[in-house]
Each structure stands twice: as C-alpha cells, then as structure tokens.
Amino acid sequence: MRNIEILWVDDEIDLLKPHILFLEKKNYSVTTCTNGTDAIDLVEEQNFDIVFLDENMPGITGLETLSEIKQKNTNLPVVMITKSEEEYIMEEAIGSKIADYLIKPVNPNQILLSLKKSLDHSRLVSEKTTSNYQQEFRKISMDLAMVNSYEEWNDVYKKLVHWELELENINDTGMLEILESQKAEANSLFFKFIKKNYQDFLTSDDKPTFSHTLFKDYVVPNLSKDKGVLLVVIDNLRFDQYRVLEPFINNYYKKEEEYSYYSILPTATQYARNAIFSGLMPSEMEKRHSNFWKNDTDEGGKNLFEADFLDAQIKRLSLNIQHEYYKITSLKSGKDLADNYNGTKQNDLTVVVYNFVDMLSHAKTEMEVIKELAGDDKAYRSLTVSWFKNSPLFDIIQKAQKLGQKLIITTDHGTINSKNPTKVIGDKNISSNLRYKTGRSLSYEDKDVYAIKNPKDIFLPTIAINSPFIFAKEDLFFAYPNNYNHFVKYYKNTYQHGGVSLEEMIIPCAVYNPK
C-alpha cells in the first residue's frame, strides 16, 4: 500500500520541521515548498493526495494559489492554514471548497486529525456506521419481538428508515442486505398487527391519527389570523423520500413538529386523499356527498372534488378562514402558481396538492427508461430529490417563507416496491389496483391478504352484494392466472400502493415555521 502524498506550502516551512518528521514517522510522504507559484507547478507535475496551504505568503496569496490549484485539480483536498481569523478569509476559503481550515499555531495532532477527516473520512464513517448498525440491529430485533402498539410501530419504522439512509451513504451492500431482511421481517409482523387491530382502531378512543382526522388533528391547530399556512400534500410520498427532501426545506424553514400518521385502507389516492380533504371515511363520503364520491367501478376521475370536500369540511368545523386549493398535475400549472404565489398572502390557508411522485411511480411501471433510473429504493429517492430541488414546488415553498407563512408538508399514502405475485381470480368488474381488490366472486390466497367480507366494518362502500375488499400484504401484488407470466414480468419490481405495509401506511406530516 503506497504512502499518502502530502504537499505542504508555507514560506516558513523550516519552522515546521517537527511537524513533518511527526508525519513521516506515521508513513506519510511530505513534499514542501515556500510559495504559491512553485506549489501550482508541483500540483501539475505530481499526484498529491492533499495540500496544506499557508494563506499569508509573499508573492501570490494562499487564496489565489487555492483558486489555481482547484482549476487544475478540482477534487484535490486543500487544507488552509492561516494566522488570520478575519471572517472574509474564512468565507473565501470555504466558498472555494476547502477540505479544512486551521488557525496557526497548529500542533502535529491537529494536522493528523485534519488528514483523517479529509482522507479517511469515508472509511472511518463507514466503519463506525456499520458498527453502530450491528448494535442497533440486535435492539431492533428485540423491539420487533415485543412491538404491540401503533406508537411503537412508528418508532420502529423511523429507525429502519434512518439506518437505510445511513447505510446507503456508505455503500455497504452486505449491511444493506441485512437491513432489507430486517425490513421484510418488520413488514410481516406489521401486517399481522394491522390485520388484528385495524378495524378496532377505527372506532376506539386509543387510535392513531388517520387520513380522515389529519386535517382536524394537525392542520386546524396551526391556523391563525396572524400567519397564513401553506399545506402541501405531495401524492405518494414515503417517509424515506420525505427524509431526503428535508435538508432543502431546512434552508428556509425550521421544523416545529413531526408526526407519523396512518393512511386508511386502501392506501390509494381516491380513498386516502379524499378522506384527508373531506374529514370523512369513504362510506361516510358516499352517504353525505354522493354527488362527489365515485367507487372503483364508476366511470370518470375519482379525485375531482377534493376542493369541494375541503369546503364542506371547513364549513362543518365552523372555521372562519379564507382559503384556496390548487392541484398541480403538470409543470406548467406548477410554474403558474409559483409565478403568482404572492397572490396567496391574504389567505389563512393555501392548499397545494402536488402529483409528481405518484406520476413517477406509475412511469416506472410503464417506461423502460424510468425502470432503469429507479431500479431500487435508493435510485427512487435520488430521482425524488432531483425533481424536488428543481421543481416549481420548491419555488413555492421559498415564496411562502418570504411571505412568513407556516408550512405543513404531508402526503396521502406511501408506496412499496412490489416484488412477489399472488394469484387472484374474480369477475370482469373487479377493481384494477394491484395491491387491493374489490368485487364479486373473488378467489385468493388467505395467507396473502387482509380480507374484509363486509366493507362497512371498516367504513368502506359496498360496491355490490358479496363484494369484499382484500389488501395485499408486505411486497406482494395481485396477478391474474390468465397470461400470468407476462403479467408478473411486467409488474414485478414496480412501485404500487393500496395494500398493507409500513411504507404505504405510516407516513409523515411535518409542521415548519419560516426562518
């Protein structure tokens, strides 16, 4: 293994001889020079791993030298060393993407620490993260053996998401495979938990916030006449996707509260999102608002009346507020709202439903290029980040911050990478969703589904007599026996929603104050 090659640039290099000897004893190779011009030539001639650069030298300055070095080798780490504590020098150096910044006099251990941070950072973080997850793995395994409440499931799922993102950053495929196994075990146990408790939760006092109580529980308490609220509902956003968007939001907003809430079943837009805006379960929507509600078998769009549902809920809750509702389903409609967003400053509540993530998940099913770009959860998150930071939605959030509006970000349900088929048979009128089915004459594998023979038991509409609902467990998707192999090949490893999984049911709602 070759020695690390260091270039140390300082006009008083002779005074640093003890530091250089210290590093050489630790098997670092140190080349020295006394001015920026020679340093630039040496960087061009030799392949250094890192440069220690004095800021205050005769001739060209350290900052000028830094600029030249970065032009020649963008990725070469440079540690700036200076006697000056002037803020503008720090800002210039940091803006030029230095690896570290040290104030003279420096001692040998400071230099060693800077080397470790700059060159061994990835390895040290990887080793520490792996070690920490190995310890946490045992703790999560014990938690899974004992978890017995929706609050505990919230905590377990957040831990799994946390470690998924941590391990992803260090590219340890072995540890990620162990985590995937642990997530699969968690989803198996979560399915049993939901199957046992879901129906009771809907009528008991001790229950999580569900889709139909989200607005009353988390939005209404944040409404005030002093400060407007922007409520953003990003369709189909999982907890892990929300986590990777957070750093961008944090540049403009400070998080006040973060909640986990539960999507109702089916974890599908026409049920869950309509429930958010109506404040009602589906069977109640059908009864009270038959002109707005559409069942799976009905013709036409199923989410065309969200604004009407919201109006009705606001009236029912006796809220005296000025509000507007926007649904963004195209780049143009997003840009139009961003361009004119200042017009919402008089609103007590501005609601924006953004459909991009849902379109992305459906595109993965239908387009080969998206299948390539979003081949797994890591890539799916990466695509979500690329979209968000360049989207009109991000512009809207920044404009809301300038208007002093509070921000609430949430979703209607999550999604899961569906990897394994389970057979289902029914008549031609059964619903088309791959993670839930309803209709007559359903035949299915009992062990693979949460079956509700009487939909009214969980406040779902009955489409016809003897039309149960079935919800797929874990990462299964429903496939018909006819043309089975073609169907399975087409839908395997695609993102679906409607069933029972941690990813689909436990979803985020976060409240932010403008910075």
- Message: Being touching a Gly at 6+ places or on another chain (Cβ under 7 Å), charged (D, E, K, R) and either buried (at least 22 other Cβ atoms within 10 Å of the Cβ) or more than 16 Å from Thr267 (Cα to Cα) (or both): is that true of Lys216 here?
- Response: yes
- Task: Could you pull out the residue among Lys335, Lys315 that is assigned to a helix (DSSP H, G or I), farther than 26 Å from Ile397 by Cβ and either of a type outside the set (Ser, Thr, Tyr) or free of Cβ contacts under 8 Å to residues at least 24 places away in the same chain (or both)?
- Result: Lys315
- Search region 344-402 for residues being surrounded by 20 or more Cβ atoms within 10 Å (Cβ to Cβ), of a type in the set (Phe, Trp, Tyr) and modelled with pLDDT of 90 or more, and hand back the single one that is farthest from the chain's Cα centre (by Cα). Tyr354
- Message: Given the criteria polar (S, T, N, Q), in contact with a Lys or Arg (Cβ under 9 Å, 6 or more places away or on another chain) and within 24 Å of Phe215 (Cα to Cα), does Thr422 qualify?
- Response: no
- Leu383 is checked against (1) of a type outside the set (S, T, N, Q); (2) in contact with a strand residue (DSSP E or B) (Cβ under 6 Å, 6 or more places away or on another chain); (3) under 28 Å from Ala184 (Cα atoms) and fails just one. What number does that condition carry? (2)
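Quick check on my filter: what residues within region 249-308 are small (Gly, Ala, Ser) and not in a helix (DSSP H, G or I)? Steps first, please.
Here is the first cut: in region 249-308, the residues small (Gly, Ala, Ser) are 260, 263, 268, 272, 275, 278-279, 283, 290, 300-301, 307.
Ser260, Ser263, Ala268, Gly279, Ser290, Gly300, Gly301, listed by residue number.
Looking at Ile416, Ile409, Ile452, can you tell me which residue is among the hydrophobic types (A, V, I, L, M, F, W, C), surrounded by 14 or more Cβ atoms within 10 Å (Cβ to Cβ) and over 23 Å from Gln241 (Cβ atoms)?
Working: Ile416 fails: over 23 Å from Gln241 (Cβ atoms); Ile409 fails: over 23 Å from Gln241 (Cβ atoms).
Criteria check complete, one pass: Ile452.
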- Give the residues of region 474-515 that are in contact (Cβ under 8 Å) with a residue 40 or more places away in the chain, assigned to a loop (DSSP other than H, G, I, E, B) and not small (Gly, Ala, Ser), sorted by residue number. Glu474, Asp475, Tyr480, Pro481, Lys492, Asn493, His497, Lys515
- Query: Does region 441-454 contain any residue that is among the basic types (Lys, Arg) and touching a residue at least 24 places away in the same chain (Cβ under 8 Å)?
  - Reply: no
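Residue-by-condition table, conditions (1) in the same structural domain as Ile20 (by TED's automatic domain parsing); (2) modelled with pLDDT of 90 or more:
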| residue | (1), (2) |
| --- | --- |
| Phe48 | yes, yes |
| Thr65 | yes, yes |
| Met80 | yes, no |
| Ile98 | yes, no |
| Asn132 | no, no |
- Message: Being part of a loop (DSSP other than H, G, I, E, B) and buried (at least 17 other Cβ atoms within 10 Å of the Cβ) is the requirement here; does Phe48 meet it?
- Response: yes
- Message: Given the options Asp10, Asp38, Asp49, Asp54, name the one that is more than 20 Å from Ser118 (Cβ to Cβ) and either in contact (Cβ under 8 Å) with a residue 60 or more places away in the chain or not aliphatic (A, V, I, L, M) (or both).
- Response: Asp38
- Item | region 431-469 - residue that is in a loop (DSSP other than H, G, I, E, B), within 19 Å of Glu299 (Cβ to Cβ) and among the β-branched types (Val, Ile, Thr) and, of those, modelled with the lowest pLDDT | Ile463
- Message: Looking at (1) of a type in the set (Gly, Ala, Ser); (2) crowded, with 17+ Cβ neighbours inside 10 Å; (3) modelled with pLDDT of 90 or more, which one does Ala145 not meet, given that it meets all the others?
- Response: (2)
- Item | Criterion violated by Ile430 - all others in (1) in contact with a Gly (Cβ under 9 Å, 6 or more places away or on another chain); (2) in the same structural domain as Ile234 (by TED's automatic domain parsing) satisfied | (2)
- Conditions (1) surrounded by 14 or more Cβ atoms within 10 Å (Cβ to Cβ); (2) out of contact with any His (no Cβ under 8 Å at 6 or more places or on another chain) -> Asn320 fails only (1)
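The values are calculated or read from the model by the stated rules, or taken from the named source; none is laboratory data. Just so it is clear, the structure is predicted and the values come from calculations on it, not from any experiment. Methodologically, a virtual Cβ is constructed for each residue, glycine included, from the backbone with ideal geometry; neighbour enumeration extends over all protein chains shown.
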